1. Give me the three principal axis extents of segment 192-295 from the C-alpha atoms, as integers in angstrom, largest value leading.
2. What distance in nm separates the two pseudo spin-label positions at E109 and A254, each 7 Å out from Cα along the beta-carbon direction?
3. Once you put a point 7 Å from the Cα of D98 and another 7 Å from the Cα of E229, both along the Cβ direction, what distance in nm separates them?
4. Grab the Cα-Cα distance for L129 and E180, subtract it from 0.36 nm times how many residues apart they are, and report the gain in nm with one decimal.
5. Order the peptides 240-250, 154-164 from the highest to the lowest mean number of other Cβ atoms within 10 Å of their residues.
6. Do you know the relative contact order of segment 228-300, to the nearest whole percent, from alpha carbon pairs under 8 angstrom that are 6+ apart?
7. Are there trypsin sites (Lys or Arg not before Pro) in segment 231-300 that DSSP marks as loop and that have at most 11 other Cβ atoms within 10 Å, and which are they?
8. Which net charge results when you count Lys and Arg as +1 and Asp and Glu as -1 among the other residues whose beta-carbon is under 12 Å from that of G115?
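Derivation of every value follows stated rules applied to the coordinates shown; laboratory data play no part. What you see is a predicted model, and the numbers here were worked out from it, not measured in a lab. All Cβ positions, even for glycine, are placed from backbone atoms using ideal geometry, and neighbour counts span all protein chains on display.
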Amino acid sequence: MTTMTTTRTLVALVAVALVVACGGQIEHDVDSTGPGSAGTGQGASGRGGAAGASAPGGAAGSVAGGAASGAAGSAGGGPVCEAFTVSICNGPCPDTCDGTCLDSDVWPELKTGLGFCASGPAWTQKGYLCPLCEDGMVCIGGWRCGPREQCELFELNGQFNSCTYSDFTPYDGAAVPDLEECPSIPDAAVTLCGGACGGCGPDEGCVQRSPTHPVGLCLPLESYPGKPERPDSCGTKNSCDLGNGCYIPAAPLAYMTALTLTGGICFPFDTCIALANQLPGGGVCLGGKGDVLGGKWPTE
């Protein structure tokens, strides 16, 4: 599995360049959680250090680093408000996205974090709402699909755990592997995608892929007249239509608990159960009363 070592080194170089340009150390006045933190005058650290984004299989491209600028200017130092063609837009940074600054959360505590602008070169892929994030995109702030670069800029400012993969497993920058053989799940009335499974049709996206769920699902991302509708999201209360179960991919227990209302996708019971039991990485299929019909909840 590809790690973030190379890309994190690139961002570390960007951070060093910023320190030199500012004539001193960079302050990161941002709340942070997770395995690392960024203290005043120390720069960002955590999960092996700050990093740039690496693109998974099927991604539009990989980040090779880029110019980063702090809003406070070279005289006094400050946060890194722009890097990798993405930006942050609240807290210590100005709103540079014409009043459309979007909120992010820190997971799994759901603590309000930095805002972000869903525009610019890194957002050339269509943006949808989680959990239907296309292959190559991640779920930002628990609700909006977007580029990995945004996650790396958050981390550069000391905000960790703001992103998940499309299946709501924690984002750590690792690439999504491509299996050499596509599994056969005859009871699942949905096309599989990614790696040996191939791509999807023109009106669908390959969603739910991650390092732990390398096989994705071909699903409509929007609803158009005369075409298949985008499936509903669901959770432990199973808000699916009668006859459908709620399929939730397996994730660490704290993440699945935080996502109990919107972390799943509605499927007919046969498909829901088959995916929970047989899709690589596994998950759980919930019935109309929240009872487990297939798969199992994680214990940690």
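1. The Cα atoms of segment 192-295 stretch 35, 32, 24 Å along their principal axes.
2. Output for this residue pair reads 0.9 nm.
3. In this crude spin-label approximation the distance works out to 3.2 nm.
4. 15.4 nm
5. Working: 240-250: 21.8, 154-164: 27.0.
Packing proxy ranking, top to bottom: 154-164, 240-250.
6. Values: 164 pairs, mean separation 25.8, N = 73.
Across segment 228-300, relative contact order equals 35 percent.
7. Answer by residue number: K289.
8. Values: positive: R144; negative: D95, D103, D105.
Combined, the nearby Lys, Arg, Asp and Glu give -2.
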